[in-house]
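Read through the structure below, which is laid out as structure tokens, and then see the notes.
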Amino acid sequence: MKIMMACLVAMKVVFLKTVDGLLVPAHILMFGRTFSFRAVAKYLQNLFEDEVIHGHKVLSMDSLLARKTQKEASRMFFETLVLKTRDYIHVEQGKPFDNIYIMPRAKLMKSDF
């Protein structure tokens, strides 16, 4: 991977690298799992374990983001994309602007966060 660019953000240098044609912050690649990644993965893992008890295997993004601040919702959405990219969850959306449905993969349920 080549370092594509460095951005000066709040007096910190953030290196971006290309992964499958996308620019990704280097700290995500270097450290693998960020604190937010582990926290959201564990949160979803616990929710899915509770949902299985009630007979449900799907969570909706709307229900996940309800009563969250804009910052929390943004972080949750971003980390959900990271989890999808790393094959921890499966997501479906019927058409643009429809609700997003999240289903666990075995990798999520077997992982120890």
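The values are calculated or read from the model by the stated rules, or taken from the named source; none is laboratory data. Quantities reported herein were computed from a predicted structural model and do not represent experimental measurements. Counting neighbours? That spans all protein chains shown, and the Cβs are built from the backbone with ideal geometry, glycine included.
When you check Thr80 against the structure, is it modelled with pLDDT of 90 or more and either assigned to a strand (DSSP E or B) or among the polar types (S, T, N, Q) (or both), yes or no?
Considered against the rule, which asks whether it is modelled with pLDDT of 90 or more and either assigned to a strand (DSSP E or B) or among the polar types (S, T, N, Q) (or both), Thr80 comes out as yes.
Between residues in segment 53-66 that are closer than 17 Å to Ala41 by Cβ and touching a residue at least 40 places away in the same chain (Cβ under 8 Å) and residues that are assigned to a loop (DSSP other than H, G, I, E, B) and of a type outside the set (Ser, Thr, Tyr), which pairs lie under 6 Å by C-beta distance while being six or more apart or on different chains?
Met61/Ile100
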